[in-house]
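First the structure, in the form of structure tokens, and then the observations on it.
The values are calculated or read from the model by the stated rules, or taken from the named source; none is laboratory data. In this text the structure is predicted, and so the values were computed from the model without any measurement. Here the Cβ is made from the backbone with ideal geometry for all residues, glycine too, and neighbour counts use every protein chain on show.
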Amino acid sequence: MKRGSWWFFVILACVAGLSLSGMAFAEEIRVAIQSFAHEALKPFIEQFETQTGIKVILESMPSSGTDALTKLTTYYRAGQSPYDVVSDADEASPAFARAGWLEPLNDVLPPDFFDDFPPSMLESEKVWNWLDDKVYRVRHSFEFGYFFYRKDWFDEMGLLPPATWEEMVDIGKKFTAQGKIGVEDALSKPALLYVYVAYLTIQAGGNPFAFDEGFKTAVKFIHDMIYEYQVFPKEALNKNYDQINEDYMNDRVAMMRQWPYFYSVTRSNTEWYREGKAEIALPPRGPVSNASWAGGWGWEIPKFAKNKEGAKKFIQFILSKEIAPKLARANSWFMNPRYSVMAELGDEGLAKYMKWYSDNNVPAPRPYHPRVAEAQNIVDDVVSAYLIGQMTLEEAVEQGKKMMAELGE
């Protein structure tokens, strides 16, 4: 073969390969999700691309729900979207649905889709992701606070995990008498103080955005734990989650509500962790319940997506009973209490505790407000003022109600 002919066939093969590649991916979709989830998604995206011929381009999203809200609002308000599918937070989706910026998913999901959801998760989905019987988002992560405790210390002292707020205080006093922190959570602003206030308010039968009797009971309980019972450190008002995690793993804290990621944080600290150091119990019961509110991130399709049909195929694929459980195994951020997911994960790691909490009806819907990020800031501000002595409880309640009324819907 002549030298020129050899090069001709090489070029022809390259061109043919490019043509075939173009044919294989005649269309594409852009999927926006936090970068830490990209690696876990890649094998499933390859499977989707093979099945559909649709190329998926992964884009990064902010890890903060508030930052995601700000970023997406800029696009949607201009009537455009660089993304076809978005993983979005609770802070954004209700406002986006009410503004008409999201595509309904009713015709995308199979008729029996929500049969896979336990009552606690389905109730939360309806509150946050449905509007006028239309489904605008489906969560892939469903997170609630777990009650971590030092079982090794409890065993040494012959104690059982507290079943009520009162027992938590009594046990906390036993540990503070030894120079330890009885109970801790991060109470800094923005948002972290709200998380704990909402957690206790629900257990008291209230709504943090209503500044009702349940809210007053919860906020006074936090105040009393700090100042009267002295089982909760005042310094927590300036602490974030990394700081309270450090307190716990420096053997200073006996009991702590924390998000599920802390389970992995403790076990990855191999120099410190031993069985019993970070066990999970059911939350202590308040005046009404021992609920722990649940929220998360979920899939949605912007109204302004360029390839809606391709996006719908991706939603059908990634949320299916076949793929969702495998994705949850690949990355715990995709874990949720759907029956198919729990069946796949069984008693592995945190999954057994998620099932335990779900079986005991612990997860409760996240308190809803159509302008949730701004409403949370109001709760933060008035509760903080009360806890540092700038307001009485009654003044904080009245100020909160006034600011919430001005916020409106």
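Points to keep in mind about this one:
- Restricting the stretch 278-301 to residues that are among the small types (Gly, Ala, Ser) and not in a loop (DSSP other than H, G, I, E, B), the residue that is farthest from Glu103 (Cα to Cα): Ala281
- Annotation note: Cβ proximity below 7 Å between a residue of the stretch 394-409 that is assigned by TED's automatic domain parsing to the domain that holds Gly206 and farther than 15 Å from Arg371 by Cβ and a residue that is of a type in the set (Phe, Trp, Tyr) and not in a loop (DSSP other than H, G, I, E, B) (sequence gap 6+ or interchain) occurs for Ala396/Tyr386.
- Residues located in the stretch 83-109, provided they are closer than 15 Å to Leu319 by Cα and either of a type in the set (A, V, I, L, M) or in a helix (DSSP H, G or I) (or both): Val85, Val86, Leu105, Val108, Leu109
- If only residues of the stretch 147-179 that are farther than 13 Å from Val231 by Cβ and among the aliphatic types (A, V, I, L, M) are counted, the one that is surrounded by the most Cβ atoms within 10 Å (Cβ to Cβ) is Leu159.
- Positions within the stretch 317-331 being of a type in the set (Lys, Arg), part of a helix (DSSP H, G or I) and in contact (Cβ under 8 Å) with a residue 24 or more places away in the chain, in sequence order: Lys326
- When the stretch 248-265 is filtered for residues that are under 23 Å from the mean Cα position of the chain (by Cα) and touching a residue at least 40 places away in the same chain (Cβ under 8 Å), the ones remaining, listed by number, are Tyr248, Met255, Met256, Arg257, Gln258, Trp259, Pro260, Tyr261, Phe262, Tyr263, Ser264.
- Leading residue by the ranking (surrounded by the most Cβ atoms within 10 Å (Cβ to Cβ)) among those in the stretch 180-206 that are out of contact with any strand residue (DSSP E or B) (no Cβ under 8 Å at 6 or more places or on another chain) and farther than 22 Å from Gln243 by Cα: Thr201
- Where helices (runs of 4 or more DSSP H) fall wholly inside the stretch 134-206, the ranges with 2 or more residues that are in contact with a helix residue (DSSP H, G or I) (Cβ under 8 Å, 6 or more places away or on another chain) and of a type in the set (Ser, Thr, Tyr) are 192-203.
- For the stretch 130-179, the set of residues classified as closer than 29 Å to Lys312 by Cβ and free of Cβ contacts under 8 Å to residues at least 60 places away in the same chain consists of Trp130, Leu131, Asp132, Asp133, Lys134, Val135, listed by residue number.
- Counting the residues of the stretch 303-348 that are more than 22 Å from Pro43 (Cα to Cα) and among the hydrophobic types (A, V, I, L, M, F, W, C) gives 2.
- Reported count of residues in the stretch 48-82, each being without any contact (Cβ under 8 Å) to a residue 60 or more places away in the chain and surrounded by fewer than 20 Cβ atoms within 10 Å (Cβ to Cβ), is 19.
- Subset of the stretch 368-399 (residues that are assigned to a loop (DSSP other than H, G, I, E, B) and at pLDDT below 95): Tyr368, His369, Pro370, Arg371
- Index of the failed condition, Gly182 passing every other in (1) under 18 Å from Gln390 (Cβ atoms); (2) modelled with pLDDT of 95 or more: (1)
- Among the residues of the stretch 233-286, those identified as crowded, with 17+ Cβ neighbours inside 10 Å, more than 22 Å from Pro337 (Cβ to Cβ) and of a type in the set (Phe, Trp, Tyr) are Tyr241, Tyr248.
- Of the residues making up the stretch 332-366, those that are of a type in the set (Gly, Ala, Ser) and part of a helix (DSSP H, G or I) number 5.
- Sole residue being over 18 Å from the mean Cα position of the chain (by Cα) and in a helix (DSSP H, G or I), chosen from Phe304, Phe314: Phe314
- Search result, residues across the stretch 148-201 that are of a type in the set (A, V, I, L, M) and under 24 Å from the mean Cα position of the chain (by Cα): Val183, Ala186, Leu187, Ala191, Leu192, Leu193, Val195, Val197, Ala198, Leu200
- Condition broken by Asn361, with the remaining ones in (1) within 22 Å of Tyr241 (Cβ to Cβ); (2) surrounded by fewer than 17 Cβ atoms within 10 Å (Cβ to Cβ) satisfied: (1)
- Among (1) surrounded by 17 or more Cβ atoms within 10 Å (Cβ to Cβ); (2) modelled with pLDDT of 95 or more, the one test that Trp128 misses: (2)
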